[in-house]
1. Restricting attention to the range B:178-279, which chymotrypsin sites (Phe, Trp or Tyr not before Pro) occupy a DSSP loop and are surrounded by at most 13 other Cβ atoms within 10 Å?
2. Within a 10 angstrom radius of the beta carbon, how do A:66, A:59 rank from fewest other beta carbons to most?
3. Where does chain B land at 222 nm, in deg cm²/dmol rounded to the nearest 500, when only DSSP H runs of n ≥ 4 count, each adding -39500 (n - 2.57), divided by all residues?
4. Within 10 Å of each Cβ of B:282-289, how many other protein chain Cβ atoms are there on average?
5. What size of dipole, in debye to the nearest 20, comes out for the protein assembly as shown about its Cα centre when the only charges are +1 on Lys and Arg C-beta atoms and -1 on Asp and Glu C-beta atoms?
6. Would you list, by chain and number, the lysines whose Cα falls below 16 Å from the Cα of residue B:165, excluding same-chain residues fewer than 8 positions away?
7. Restricting to chain B, what percent of DSSP beta bridges are antiparallel, rounded to 5?
8. If you take the charge dipole of the range B:2-145 about its Cα centre, with +1 on Lys and Arg Cβ and -1 on Asp and Glu Cβ, which of B:83, B:138, B:128 is farthest toward its positive end?
Amino acid sequence: MDRIGERIGSFIDGADWAMLEAVWRHMSLPPGRLGPALALLAAVIVVCELVRIALCTEHVTSRVAHVTVCLLTFPLQSIFLAVVLVHAAAAHPGRGFINLGIALGAYALWLVTGQATKLVRRPSEGADLGFMCVGALITFPVGIVAALVY
Amino acid sequence: MFRLLRALCLVTALANAGGNVLMLFFYQPVLELVGAPLPRDLHSFAFVCGFSFTVGLLAFLVYVDPRRSRNLIVIAIVGKGLYAALTAYFYFDHELHGFYKLFGIWDGAYVVILLLFLIHLNSPDLAALNAGRILPGLPGPRPRKALLLFYSLTGNGTRALLRVKAGLERNGYSVTEHRVEAEEALFRFPFGGFGKFLRVMFRAIFRVPARAKPLGIPADHDYDLIVAECQTWFLGMGGPMEGVFQDPANHGVFAGRDVAAVVVCRGLWRRTEAMLVRHLQRAGGSVVGAASFANPGREPMRTFSLFFFLGTGAPHRPAWLGRLLTPQYLEEAALQKLHAFGEALAQRPFATPARREAA
């Protein structure tokens with residue numbers, strides 16, 4: 001039994017978390033390496049919005065698909081950006097308000113991505129500015145508090 | 001747009017499949033030319049070439065028959081997405097040569113292109129209905145009797161269906177209205193407390209069934225057209241209306257009949273409409289039309305106005321917000337379109353083999 005425990009322990013110790021650590025590092029919006037961080041934020045925002053719209057008319061009886069669509073409508077992106085703002089403010093104090101500007105840019109990209117889908121599917125809803133604003137009520141108050149605290 | 005997206009699939013098919021065969025054989029002169037170092041482990045390099053060649057082949061299959069290849073598009077999106085993400089990681093964190101960055105950017109761009117193609121290809125029948133198309137009805141006798149089936153929480157849906165009714169009646173239909181009723185008292189408006197609203201919300205998000213009272217309509221009824229109306233509740237169908245379809249005992253009401261869908265909502269109608277249409281089809285109905293309308297007003301006030309409306313139980317409250325609040329009922333222009341929709345449904349052609357094929 002001890003040997004199995006040791007094996008499991010060494011197996012876990014041998015795991016390479018470098019990739020996740022890199023993601024977390026980029027989520028801190030490091031001032032010296034902002035390019036990859038912005039690429040990460042942009043990729044998350046664009047993919048979430050496109051997946052939401054792609055899923056919208058599909059798997060209509062699936063509970064998992066419906067919850068996924070609901071999450072992608074605004075909570076997932078909004079909470080993600082809120083986490084980024086807090087993490088970034090804590091990791092690099094004094095840049096809180098610059099980070100808020102970056103988050104605003106992410107919201108603009110989110111809107112543009114949703115509206116761009118009208119080019120390939122018409123009539124379509126495009127971005128949902130209403131729920132995006134509800135999401136902004138999660139992201140920005142958290143970001144402003146983080147900017148003021150750090 | 002279809003042609004452009006399909007052509008882009010061919011471009012990546014040629015680039016992936018052709019390019020990787022070339023790389024496999026000519027990697028030394030190519031890498032020398034761009035100033036990139038030779039691969040540290042050749043077997044991994046060869047594996048990547050093989051994987052990327054396979055994605056190219058997959059893209060070619062999508063190009064050949066895009067409409068039947070939607071699952072392949074999903075696989076291509078995942079494959080290219082992973083490749084782009086890993087390239088970015090190794091480029092930014094492990095000093096991968098800039099030459100490989102080009103492939104990462106290429107695949108990242110194709111994630112977006114393929115997702116847009118998927119959005120374009122998904123549910124083409126719904127796209128046709130959204131364009132205002134009325135499909136041919138089933139052959140057979142038409143006693144010109146219509147049944148309107150609706151569940152209206154706030155009255156918006158009722159107002160919408162009354163216009164469809166007027167359009168049908170104007171064209172010689174006699175119309176019967178049937179209001180769906182929820183079994184649980186929870187689904188009443190005003191909700192009677194924030195807690196009840198939250199319960200309705202979470203049930204809508206997690207699709208917890210809300211049973212509807214028995215319709216009491218025999219399967220051998222003589223309606224030749226059924227129009228079902230539904231509101232959007234947190235991106236999907238209103239619970240009690242979905243409950244109608246979740247009860248197999250009700251499927252006979254729709255089986256072998258022409259059916260149409262009407263959706264009213266704050267702003268998001270696509271998923272609700274898709275759910276309603278698919279439920280109607282699964283129940284055996286022949287969907288001939290669909291119309292979806294959103295409440296008037298600009299965002300974000302339209303969304304906040306809805307929350308205030310649901311919270312206070314009455315429109316234009318709180319009064320101190322005055323003109324900032326947007327209307328909670330469809331505007332006249334939308335109601336006129338619903339009237340025209342009713343007229344078009346009444347005049348729907350009969351299905352002939354040629355028409356059915358075209359549809």
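Read-outs throughout are calculated quantities, based only on the coordinates presented, and are distinct from any laboratory measurement. Bear in mind that the values here come from a model prediction, so they are computed numbers and not experimental data. All Cβ positions, glycine included, derive from the backbone under ideal geometry; neighbour counts span all protein chains shown.
1. Filter output for the range B:178-279: B:206.
2. Details: A:66 23, A:59 16.
Going from sparsest to densest Cβ surroundings: A:59, A:66.
3. Result for chain B, helices only: -17000 deg cm²/dmol.
4. Across B:282-289, the average partner-chain Cβ count within 10 Å equals 0.
5. Numbers: 48 positive and 34 negative charges, 270 e Å.
It works out to roughly 1300 debye.
6. B:145, B:337
7. Antiparallel bridges: around 10 percent, rounded to the nearest 5.
8. Farthest towards the positive end: B:138.
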